[in-house]
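Since the structure comes first, as structure tokens, the remarks are kept for the end.
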Amino acid sequence: MYTAFGARGVQYGPTFRNVTEIRSCDKGVSVAIRFSGDDTEFEVHPAVLDAALQPLLLLGLTAEESVPLVPVSAARVDILGPTTPEIARGCAR
């Protein structure tokens with residue numbers, strides 16, 4: 001995923017490369033996220049939230065497109081339980 005983003009000019013540094021698995025789900029993508037940074041300051045670390053949104057770039061990406069669409073807002077975010085640095089899962093549509 002990060003290679004495909006890089007080829008289109010979107011670069012993620014090590015702190016923001018947290019998506020470990022992507023699968024399709026009900027009209028969207030399901031992701032697994034692993035974060036090894038310090039998240040004690042946040043309920044949900046910004047890098048984890050960013051990782052949850054990153055796969056949305058893949059939804060509209062085709063071989064013909066040179067620039068991916070980047071989500072800039074969310075109508076709704078549900079936190080269904082406590083997050084841990086080890087793993088989080090979610091479905092983005």
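Please treat every number below as a calculation from the coordinates, not as lab data. Predicted model, so just to flag it, every value in this text is computed and none were measured. Glycine also receives a Cβ, built like all others from the backbone with ideal geometry; neighbour counts cover every protein chain displayed.
Quick look at the numbers
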{"quantity": "Cβ crowding within 10 Å averaged over residues, with 47-57, 21-31, 2-12 ranked highest first", "calculated": "47-57, 21-31, 2-12"}
{"quantity": "Projected label distance in nm at Ala75 and Asp38, using a 7 Å step from Cα toward the beta-carbon", "calculated": "3.9"}
{"quantity": "Two-decimal Rg/Rh across segment 1-48, once Rg and the Kirkwood Rh are taken from alpha-carbon atoms", "calculated": "1.02"}
